[in-house]
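The values are calculated or read from the model by the stated rules, or taken from the named source; none is laboratory data. Quantities reported herein were computed from a predicted structural model and do not represent experimental measurements. Note that each Cβ is placed from the backbone with ideal geometry, even for glycine, and that neighbours are counted across all protein chains shown. Calculation scope for accessible area: heavy atoms of the full protein, side chains included, ligands and nucleic acids excluded. Shrake-Rupley method; radii C 1.70, N 1.55, O 1.52, S 1.80 Å.
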Amino acid sequence: MKPLLVCVLLFLTAGCTASAPPLEDQELTLIVPGSPNGGWDALAKSIKTVIEKEQLLQKPIHIVYEEGDGGNDGWARLNDSEANTVAMTSSLLLTNELLGHSLLSYEDFSPLATMASEWQTVIVANESPVKSISDLMDKLEENPDRYPIGIEPQFGNDDQIAFAQAARTQKVPAASLRFFRYADADALLEALERGEITAASLSSSQSEAFAANENIRIIAISSPKRLEHLPEVPTWKEQGIHVVFPHWRGVMGPGHLNDSEREWWNDLLTKVQSSPYWKEELKKNHWTHFYRNSKDTEALFQTDTKKYRYIMNQK
């Protein structure tokens with residue numbers, strides 16, 4: 001049989017394209033679906049740091065940024081990617097769909113891990129007359145139009161939902177609140193300093209970075225008890241707002257991952273969170289241990305979708 005004919009027959013019967021090398025032999029890409037220096041970026045950098053320190057892989061790891069549309073541009077890029085690419089995620093994936101901001105659902109992806117959680121905070125400018133979260137809620141109950149609240153980067157994220165849930169416990173209807181949205185944390189801070197907004201709701205790591213510059217005050221945090229590194233910041237519960245609200249972040253892969261690829265990523269991220277270097281990253285970023293494996297992350301997506309749907313249906 002002629003060599004060319006053999007090649008054609010092999011192409012038709014066994015597939016003619018070379019199979020991709022094992023994932024451990026490929027360069028990996030971590031998509032940050034937002035701007036540099038945000039929470040997703042911190043998570044991607046921490047994962048990369050631990051993999052490199054533990055020498056879990058020999059090939060390079062790349063972090064790429066796909067900012068836009070409240071995370072959707074990055075997540076859309078993920079599903080056009082190969083199995084060696086994953087993206088950072090959070091509850092914004094769920095709320096974007098519930099609010100009609102996106103057609104993307106968590107079911108379009110492969111949940112791989114939930115890596116950490118932090119908390120929601122409320123901040124005001126240093127010169128603000130608002131002294132506490134109770135003080136702010138009193139003002140909102142009296143005249144919510146006069147006291148807009150800033151969030152970023154998308155309506156329907158944890159920043160907005162957590163604040164609205166806290167306000168409801170104080171008999172302030174969520175529909176009466178005025179939320180101003182900003183593209184990133186820097187724009188949010190500038191608006192607060194200009195007096196364009198009365199307060200801002202954002203993650204604890206972001207507010208801590210702002211507070212370090214002594215331009216703002218953190219007046220409340222959504223943790224169940226005061227944090228060791230922020231002993232002066234009272235919880236919502238201390239101030240009569242009986243809400244505890246974690247803000248988790250995780251990793252997901254393209255929806256087309258097969259079982260072995262999904263298990264490979266699950267094993268890698270399990271090793272990352274088991275490392276003593278990961279404990280250093282948690283401490284450095286003031287995150288709370290909140291690890292969930294691939295199966296449990298999928299369950300978290302399901303339960304949190306129900307939770308957010310319930311919250312959003314409240315008035």
- Name the single residue, out of those in region 35-49 being farther than 16 Å from P153 by Cβ and hydroxyl-bearing (S, T, Y), that is nearest to the chain's Cα centre (by Cα). S46
- Task: Pairs only if they're at least six apart or on different chains, beta carbon under 8 angstrom, first in region 287-301 and in contact (Cβ under 8 Å) with a residue 24 or more places away in the chain and under 9 Å from P111 (Cβ atoms), second assigned to a helix (DSSP H, G or I) and open to solvent by 40 Å² or more (accessible area, probe 1.4 Å); list them, first residue then second.
- Result: R292/A299; S294/R262; S294/E263
- Task: Quick one: in region 89-125, of everything that is hydrophobic (A, V, I, L, M, F, W, C) and part of a loop (DSSP other than H, G, I, E, B), which residue is least open to solvent (accessible area, probe 1.4 Å)?
- Result: L104
- Task: Give the number of residues within region 220-240 that are in contact with a Pro (Cβ under 8 Å, 6 or more places away or on another chain) and either at pLDDT below 90 or of a type in the set (A, V, I, L, M, F, W, C) (or both).
- Result: 2
- Message: I'd like the full set of residues that are assigned to a helix (DSSP H, G or I) and open to solvent by 50 Å² or more (accessible area, probe 1.4 Å), limited to region 166-202.
- Response: T169, A175, D186, E190, E193, R194
- Select from region 246-259 the residues that are crowded, with 20+ Cβ neighbours inside 10 Å and either part of a loop (DSSP other than H, G, I, E, B) or not hydrophobic (A, V, I, L, M, F, W, C) (or both) and list them in ascending order. H247, R249, G250, G253, P254, L257
- Query: Counting only residues that are open to solvent by 70 Å² or more (accessible area, probe 1.4 Å) and closer than 18 Å to A166 by Cβ, how many does region 214-226 have?
  - Reply: 3
- Task: Consider N293 carefully, then state whether it is open to solvent by less than 80 Å² (accessible area, probe 1.4 Å) and under 21 Å from L30 (Cβ atoms).
- Result: yes
- Message: Just checking, does region 227-235 include any residue being open to solvent by less than 40 Å² (accessible area, probe 1.4 Å) and not in a loop (DSSP other than H, G, I, E, B)?
- Response: yes
- Query: Out of all the residues in region 41-51, is one or more among the hydroxyl-bearing types (S, T, Y), assigned to a strand (DSSP E or B) and under 30 Å from E232 (Cβ atoms)?
  - Reply: no
- Query: Which of the residues belonging to region 136-162 are out of contact with any Phe, Trp or Tyr (no Cβ under 8 Å at 6 or more places or on another chain) and either without any contact (Cβ under 8 Å) to a residue 60 or more places away in the chain or open to solvent by 40 Å² or more (accessible area, probe 1.4 Å) (or both)?
  - Reply: D138, E141, E142, N143, P144, D145, R146, Y147, D159
- Qualifying positions in region 175-219 - under 22 Å from the mean Cα position of the chain (by Cα), under 22 Å from M312 (Cβ atoms) and in contact (Cβ under 8 Å) with a residue 60 or more places away in the chain: A199, A200, S201, L202, S203
- Query: Mind checking which residues of region 59-88 are farther than 15 Å from L104 by Cβ, part of a strand (DSSP E or B) and touching a helix residue (DSSP H, G or I) at 6+ places or on another chain (Cβ under 6 Å)?
  - Reply: I61, I63
- A211: open to solvent by 40 Å² or more (accessible area, probe 1.4 Å), of a type in the set (G, A, S) and either out of contact with any Asp or Glu (no Cβ under 7 Å at 6 or more places or on another chain) or at pLDDT below 90 (or both), yes or no? no
- Task: Answer yes or no as to whether A211 is assigned to a strand (DSSP E or B) and touching a strand residue (DSSP E or B) at 6+ places or on another chain (Cβ under 7 Å).
- Result: no
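Condition check ((1) open to solvent by less than 40 Å² (accessible area, probe 1.4 Å); (2) modelled with pLDDT of 95 or more; (3) not in a loop (DSSP other than H, G, I, E, B)) across all residues:
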position	(1), (2), (3)
E261	no, yes, yes
K271	no, yes, yes
W278	yes, yes, yes
H289	no, no, yes
E298	no, yes, yes
F301	yes, yes, yes
Y308	yes, no, yes
